[in-house]
Every structure is written in structure tokens, then in C-alpha cells.
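Each value in this text was obtained by applying a stated rule to the coordinates, not by laboratory testing. On a predicted model such as this, the values are computed, not experimentally measured, just so you know. Here Cβ is always computed from backbone atoms with ideal geometry, including for glycine, and neighbour counts include all displayed protein chains.
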């Protein structure tokens, strides 16, 4: 009887291993060899699924990005304008897990030196920016939509990073208070 | 004639080398050997000044922190309350160089796995927090001083990170517009 291989499960295990390594030591520490060891496979099994290290990184980051997009789209649902912006921002700051925040930070750092990571982060950011622009246009004229989006991006990035800066994540209540202090005056 | 050695200059060159490596490849890539090579010295010269890698990291981060504190104190000068907070925040977001922003990001990432970096970052943050608290108390009652400081920390971190997130630093004018959109409604 031929041994059946669940290709999807294999691919998932490989991407899971990449994320685990990136969270521990950064994307620079991801190698085919280390991923194979962690996924319990040989390096030739890994290279059966990806042509090389760049494709391995791209596949993983794209999978993570697609999952985040799904979650954000679910959070925004049928909302429009201000409530949609608030839902998207609240997902990023309050809804996302600590692992998601850490993965994003590792990606942001890795993107400084690895073009494949830069390209994947750019693709995600373009999607996020389109989402915000679509809804920012529907919000009142103060402030200017471009400034509003910049503030939202900065406060999202800042509330994620502040916890790492301080060494311990801020509680949900603390993040919510700071977020409200910024969003309410902007009419959100 | 005995060869005179300028110990201060040697120490500076060693710290400069640590910063250069941290900016390129992160603090994890800092080794005595690589620092020595970059500073144009032997490893035994480096270990003449520091007992080991941890002390090397601590010495460097402490030097960087002291320089930043001096710059912030000069920016705040004789101001008090709201104008002092604005001056400190503007220094961090608009006045600091890109190298300073990158060094801070590398430190924040390195602090996740290296206790010596965590301790130095904590020490700097305690000083920054005391500065902000001293002046936040003098600002009107809305919002609560603790929330005000959290918002300032988040927007500072966010405006620094947003440029790395996007792959290209935001222009000064763009950072200033976003900063104003957050600070003005807070009465700063």
C-alpha cells in the first residue's frame, strides 16, 4: 500500500516551523536545515515544496498575511466609514494575539535586509492602506483623510511596539484607554 | 619613548563598532571578534576594556542612552508642563536621526532575548517616564496623566516604527502633521 502524504499538512508544518524560528531568533535565523529539523522532515522534503529559502519565507509570510486579512475582514464585516476604521484598528491593537504582534515586528525588522520579506510586507500594507482609504473617505473632513490614515497607522504600530519597548505587553484595558484618547477626538 | 594610548578614543571606537554591527545585523550579531576587527584592534585589546560581551553591550547602550538624554534635556531646556512634553516628543519623533531610530529598534528587538539589553532599555525608559510624569502632572486634568503619557509613548514609538513598516522613512512634514493631529486635541 502506498504511503499517503497529506501535502497540505506538510506545507502547514513547514510554515509553522518558519514562524516559530522567526519568533525566537528572527527571520535571519531561518534556514532550510533548521526548518526541516523542526518540522520533523528531511531537507529534501522541504525543498520538494519550495525552491529555496526565499520561496520558503514568501510562502510563510503570505500565509500569515492571508490569515490576518481574513480576520480583519471578519472584524470589519458590513461596517463602513468611521465604524469600519475603528473595527480594523481595534482588531490590530486589541484583537490580534501577542504571537501576531511578535511576527509582525520580526517581519518589519527582517524586511530591512531581506528583499523577499520587504516585498511581502509591502503587499500586505498595500491591502491595509486600500482598506483604510476606502473608509477614511467616508469620514468627515477633519482631519484630511491622508492625515487620518497616518495617525491610525502610527497609533496601531505604536500600541503594538510600546509593549515590547516596556518589556511587558500592555493590558487590553490600558491599550483601549490610550486608543480611545486618540480616536475619540478624531470622531471615531 | 612609551607608546601613548588614548583610552577614551579606543573605548569610543569599540562602542562605535558595536553600534555599526547592531544597525546592520542586530545585537545578536555582536561578537568580541567582530567588534575588534571593525575597530581595528585585537580581541585582547577589546577585552582590556570590557570583561566580556555583556559588558560590551551594556557599555555601548549606556553611552548611547546618555547621549540621547543630553539631547532631550537640551531640547526641553527650561520648559515645563505641556510645552516640555511637546519638546521631548518632538525631539524623539522629529529631532532624532534615522540612525538613532534604527538603534532603538535594534535594542527593542535585542532586549527580547538578551537580559543585559533589557536592563539597559529599562533604565533608559525609567528616566524617560520620570521626565514625562514630572511634566504631565502640570497639564490640565483631561486626559488623566497616566493615559496622556501612554498616548505620548505610543505615538512616539508608532511614528518611529511606521517608517520602517512602510520601508521608507516618513518625511518630517508628514510626521509633524500626524503628531499635531494627536497632540493638539490633547491640549499640547
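Counting only residues that are free of Cβ contacts under 8 Å to residues at least 12 places away in the same chain and in a helix (DSSP H, G or I), segment B:135-161 holds 6 of them.
Specify which of the listed residues (A:75, A:99, A:80, A:106) is more than 17 Å from the chain's Cα centre (by Cα) and either within 20 Å of residue A:19 (Cβ to Cβ) or more than 14 Å from chain B (Cβ to nearest Cβ) (or both). It is A:80. Across segment B:134-169, the qualifying residues are those that are more than 22 Å from residue A:167 (Cβ to Cβ) and facing another protein chain (nearest Cβ under 7 Å), and the one among them that is farthest from the chain's Cα centre (by Cα) is B:143.
Do you know which residues across segment A:26-37 are part of a helix (DSSP H, G or I) and surrounded by fewer than 16 Cβ atoms within 10 Å (Cβ to Cβ)? Result: A:29, A:33, A:37.
Evaluation of residue B:91 against the conditions (1) over 26 Å from residue A:180 (Cβ atoms); (2) within 12 Å of chain A (Cβ to nearest Cβ) shows that the sole unmet condition is (2).
Note on segment B:2-15: among residues that are surrounded by fewer than 15 Cβ atoms within 10 Å (Cβ to Cβ) and under 25 Å from the mean Cα position of the chain (by Cα), the one that is farthest from residue B:102 (Cα to Cα) is B:7.
Evaluate segment A:119-133: report whether one residue or more is within 30 Å of residue B:26 (Cβ to Cβ), over 17 Å from the mean Cα position of the chain (by Cα) and either away from every other protein chain (no Cβ under 12 Å) or part of a loop (DSSP other than H, G, I, E, B) (or both). No - not one qualifying residue is present in segment A:119-133.
Within segment B:170-188, restricting attention to residues that are without any contact (Cβ under 8 Å) to a residue 40 or more places away in the chain and more than 7 Å from every other protein chain (Cβ to nearest Cβ), the residue that is surrounded by the most Cβ atoms within 10 Å (Cβ to Cβ) is B:170.
Comparison of B:22, B:92 shows that the only residue that is part of a helix (DSSP H, G or I), under 11 Å from the mean Cα position of the chain (by Cα) and closer than 26 Å to residue A:164 by Cβ is B:92.
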